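Notes follow once the structure below has been shown.
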Amino acid sequence: MWRSGTVIALRDETATARTITLQIPDWPGHLAGQHVDVRLTAPDGYSAVRSYSIASAPDQDGRIEITVERLPDGEVSPYLTTQVAVGDPLELRGPIGGWFVWRPEQPEPIQLVAGGSGIVPLMAMIRLRRATHGGAPFRLLYSVREPDAVWYGGELQLPSSDSSVSVTYAYTRAVPEGWPRRPARIDAAQIASMTWPSRLRPTCYVCGPTSFVERAADLLAAAGNSPDRIRTERFGPTGERR
Amino acid sequence: MAIISPGFSGRRAPTDSTLPPGQYLTAGFPVLSAGPTPHVPLEKWELTIEEGTDVIRRWDWTSFRSLPTETPTVDLHCVTRWSKLGTRWEGVSLDTLLAGVKTEAAFALVYSYGDYSTNLPLEDLLNKQAWIAFRFDGADLEPEHGGPARLLVPHLYLWKSAKWVRRIKLMSRDAPGFWEAFGYHNYGDPWREQRYRGD
């Protein structure tokens, strides 16, 4: 069933990524980590559909946010990041997916590992966690090319009073001034020092490009995390997600 | 009735007629799976066919690879909307694996190493429609694409082609597999665009 939403806000995350807030009158609600299909239709009836993870925590107001990265040769993402305007209608379907989700009643510590735009479904979990009193602590390891490529940066900065979610960054191409590490892909030492010890039996959520997810999930498993506690969501070079 | 997106014209491929509805072509081979990639050593690999509590067929890698193989060239259609045409595989036909099996079962639940599963009617595994594939494009199948061996059922969406296949359970009653239980379509015919429950 396709639903009609209205764009009610737009916000640039980086030079190439934009967050779109949609108001959907009959939205049934979602779980943190789920995604939607978005459909664009041309005047002659031609349509194109892509999947985007929901970035916002579930709320009662029928509102969701998605963040879209503009792919240079994309069909849908250039429209969503440059042409869509506040007040425009957008068709969507969902929420979709029931595996890559976090529920507040889960008692175990949560390890989030994001590669680039893979932060989006994990951000929904973080927002829901911060809106929930009590509950298990979160860690986020967020791998990005460079400091300017961080999404939701201001929001991820921890208020000192909030110890529910701790955030560490790993930079692959350029680091902030004075950063103690050179840019590099994540490795076993980072997984050992920046993620929950496996003896705490965290559930791990890993999202990002395929090569990143393969590497991160392998490293988490090698660090002693049971494969059945590592949930992954991957998107390939063709941009079939986001 | 679809809502027109102001200013959207899209980018249409000239070969649209060969694609199921809502799919677009890719030259790459994207990966989609729910957990880490299992790495299954060949000396520990096995494939079984089970019915009830009985194991009615069992192969280790050596006996599996002594079976006659076929080299299908097929189109792949993923529910995440990419399609890849003319992919070349080598595998053992399910007709070969199920030859001589007498069963009343009408359904199969296919299990992977790593606890993934998917369900399909038994007849969709028969009659030159399905293989246990172990080579892709002339090379051993990479673990991230399902190696050492995966199910290949190209006439259904690709999540039905379970990677890292380990056992095939024959059943008289249908039961949902992993994605099917999470709201994906029970059958998954790309030409009828059966993506999600209710399509």
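Other residues whose C-beta falls under 12 angstrom from the C-beta of A:P95 contribute a net charge of +1, scoring Lys and Arg +1 and Asp and Glu -1.
Considering only B:Y116, A:S164, B:V74, and ranking their Cα positions along the charge dipole of the protein assembly as shown that arises from unit charges at the beta-carbon of Lys, Arg, Asp and Glu, the one farthest toward the positive end is A:S164. Here the range A:177-214 and the range A:66-105 have alpha carbon centers that stand 26 Å from each other. In this structure, the amide hydrogen of B:A149, modeled 1.01 Å from its nitrogen in the peptide plane, lies closer than 5 angstrom to those of B:W164, B:V165, counting only residues at least 5 positions away or on a different chain.
On alpha-carbon atoms, Rg over Rh for chain B using Kirkwood Rh?
Numbers: Rg = 17.5 Å, Rh = 17.7 Å.
My calculation puts Rg/Rh at 0.99.
Cross-link reach is defined here as a Cα-Cα straight distance under 23 Å, omitting same-chain residues fewer than 8 places apart; for B:K84 the lysines meeting it are B:K128, B:K160, B:K163.
The Cβ shell under 13 Å around A:A174 holds other residues with a net charge of +1, Lys and Arg each +1, Asp and Glu each -1.
Is the shape of the range A:116-242 best called rounded, prolate or oblate, per the rule: a/c under 1.5 gives rounded, else a/b larger than b/c gives prolate, else oblate, with a ≥ b ≥ c the square roots of the Cα gyration tensor eigenvalues?
rounded
Take the alpha carbon gyration tensor of the range B:95-142, find the square roots of its eigenvalues, order them as a ≥ b ≥ c, and report rounded if a/c is under 1.5; if not, report prolate when a/b exceeds b/c, else oblate.
oblate
Which order do peptides B:138-151, A:85-98 fall in by mean Cβ count within 10 Å, highest first?
Values: B:138-151: 18.6, A:85-98: 17.0.
Those peptides, ordered most packed to least, come out B:138-151, A:85-98.
As I understand it, the dipole of the protein assembly as shown uses +1 on the Cβ of Lys and Arg and -1 on the Cβ of Asp and Glu, about the Cα centre. Which of A:G224, B:A105, B:L141 lies farthest toward its positive end? Value computed over the given set: A:G224.
Taking the DSSP bridge list for chain B and keeping only pairs wholly inside it, about 85 percent are antiparallel.
Computed from Cα atoms, the angle from the helix A:210-222 axis to the main principal axis of chain A rounds to 30 degrees. The alpha-carbon atoms of the range A:188-232 define a convex hull whose volume equals 62 cubic angstrom per residue. The H on the amide N of A:F235, modeled in the peptide plane, is under 5 Å from the matching H of A:G208, A:T210, each at least 5 residues off or on a different chain.
Backbone phi angles across the range A:171-177, fed through the Karplus curve with coefficients 6.51, -1.76 and 1.60 (θ = phi - 60°), yield HN-Hα couplings of 9, 9, 10, 8, 10, x, 4 Hz in residue order; Gly and Pro are listed as x.
Using the Karplus relation 6.51 cos²θ - 1.76 cosθ + 1.60 with θ = phi - 60°, the per-residue 3J(HN,Hα) values for the range B:172-182 come to 7, 10, 6, 8, x, x, 4, 6, 4, 6, 9 Hz, with x marking Gly and Pro. Taking the longest Cα principal axis of chain A as reference, the axis of helix A:119-130 is set at about 70 degrees. Taking square-rooted eigenvalues a ≥ b ≥ c of the alpha carbon gyration tensor, is chain A rounded, prolate or oblate, where a/c under 1.5 means rounded and, failing that, a/b exceeding b/c means prolate? The shape class here is prolate.
With θ taken as phi - 60° and the Karplus curve 6.51 cos²θ - 1.76 cosθ + 1.60 applied, the whole-hertz 3J(HN,Hα) list for the range B:57-71 is 8, 8, 10, 8, 4, 5, 5, 4, 6, 8, 6, x, 10, 10, 10 Hz, x standing for glycine and proline. With 34 Å as the cut-off, how large is the P(r) tail for the protein assembly as shown, expressed as percent of Cα-Cα pairs? That tail contains 35 percent of the Cα-Cα pairs.
Within a Cβ distance under 13 Å of B:A130, other residues only, what is the Lys/Arg minus Asp/Glu net charge?
-1
Distant-in-sequence amide contacts of A:V167, defined by a placed amide H-H separation under 5 Å and a gap of 5 or more residues or a different chain, comprise A:L140.
Taken together, the values in this text are just the output of simple stated rules run on the coordinates, not laboratory data. Computed from a predicted structure; not experimentally measured. Neighbour counts are summed over all protein chains in view; Cβ atoms, including those assigned to glycine, are modelled from backbone coordinates with ideal geometry.
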